[in-house]
Amino acid sequence: MERMRRPLISPVHIAAGVCWILSSSPVGFVSADDSAVVIESRAQPRASATRQNRVASQLRVDSNLVLVPVTVTDRKDQLVTGLERKDFKLFEDRIERPIQQFALEDAPVSVVVLFDSSGSMVSKRLHARLAVSEFLRSANPDDEFALVEFNERARLIVNFTREPEKIEQLLLSTVFKGQTALLDAICLALNTVKYGVHNRKALFIVSDGGDNHSRYTRNEIRDRAREADVQIYSIAVTGTFRPWKLSHEENAGPALLDEMARLSGGRSFEVADIEDLAGVGAKLGSYLRNQYMLGFTPAATARDGKYHRIEVKVAAPGSSSSMRVRSRSGYYAPEP
């Protein structure tokens, strides 16, 4: 993990302990204004799009092409653009595959913002909100955003909207208290993002500690993150406390977020100085916006329902030691 110095809500949607209900309910979703959250039926055209994207949101290959988003940075952690197809090598289970599709574009994305509203975030609330604002500032007009807040429980505050300012507005009324159900929040967000209209999907997490109040386990959420075609970006706000003054969960928090990011091909930063939060939020937004898209056809024998590992390397001359490549760790093949 990189280190930086410097009104009624349905229990179906607010209880992360039963968030699996969301994934089995294709006809209902939450819409919200500034004062209420209500459950309403999904219009038929939207439902059709949702079912299609719900299937697409699992990185199980039912077609002949696997798409892999890739981010490339240099030694100074600056984005590397301008690379071509010939500059990449892609491996499936350590066997090189031809790259059949290549693009560098800012395609629309469906993003769920996860915001930690536990009691320990009170002193960091202003800078944490700024981090979200800076991340949202990089949005393009077709992007959509949902908001999940979490302390002792995870709650879907607003479902997908193309008005990012609504997310910022809602965060102004956040009440900070209680413990941290981070794993439950990730579970809820992964189920929510399935209903996004765009094929590109991501989570953006701002939290200051590890999980200490979830029903879901780390292994369960790790498996869900591996299976979902969702990139996870996060900021772990560690503060300036000495490790021995923190709980085991708080000390383990940054590593948990970093693991989720690596599995998904996203990015995680550990931030000690809250003054740096806004800048890191902007940086993560830029990473999401500047990605190469590589497409390859898996091996004919890969239709086995198993997990297959992916590795992407930059093959440009003299680049092996100066560039870092981030991509998903693998995909699930369809059943035979």
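Some values worked out for this structure:
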item	result
Which numbered condition N199 misses (of (1) modelled with pLDDT under 95; (2) out of contact with any Pro (no Cβ under 9 Å at 6 or more places or on another chain); (3) closer than 17 Å to V112 by Cα)	(2)
Within the stretch 278-311, considering residues that are of a type in the set (K, R) and assigned to a loop (DSSP other than H, G, I, E, B), the one surrounded by the most Cβ atoms within 10 Å (Cβ to Cβ)	R303
Residues of the stretch 202-247 classified as modelled with pLDDT under 85 and either aromatic (F, W, Y) or not in a loop (DSSP other than H, G, I, E, B) (or both), total	4
Unique match (being crowded, with 18+ Cβ neighbours inside 10 Å, more than 21 Å from F269 (Cβ to Cβ) and not polar (S, T, N, Q)) among L170, L182	L170
Test: residue in the stretch 320-336 that is of a type in the set (S, T, N, Q) and touching a helix residue (DSSP H, G or I) at 6+ places or on another chain (Cβ under 7 Å)	yes
Selection from the stretch 98-136 of residues that are at pLDDT 95 or above and among the charged types (D, E, K, R)	D116, R129, E134
Lone qualifier among E250, E275 - being under 20 Å from S214 (Cβ atoms) and either at pLDDT below 90 or surrounded by fewer than 20 Cβ atoms within 10 Å (Cβ to Cβ) (or both)	E250
Any hit, the stretch 305-321, residues being closer than 16 Å to D208 by Cβ and at pLDDT 95 or above	no
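The values are calculated or read from the model by the stated rules, or taken from the named source; none is laboratory data. These figures come from a predicted structure and were not determined experimentally. Ideal geometry is used to build each Cβ from the backbone, glycine not excepted, and the neighbour counts take in all protein chains shown.
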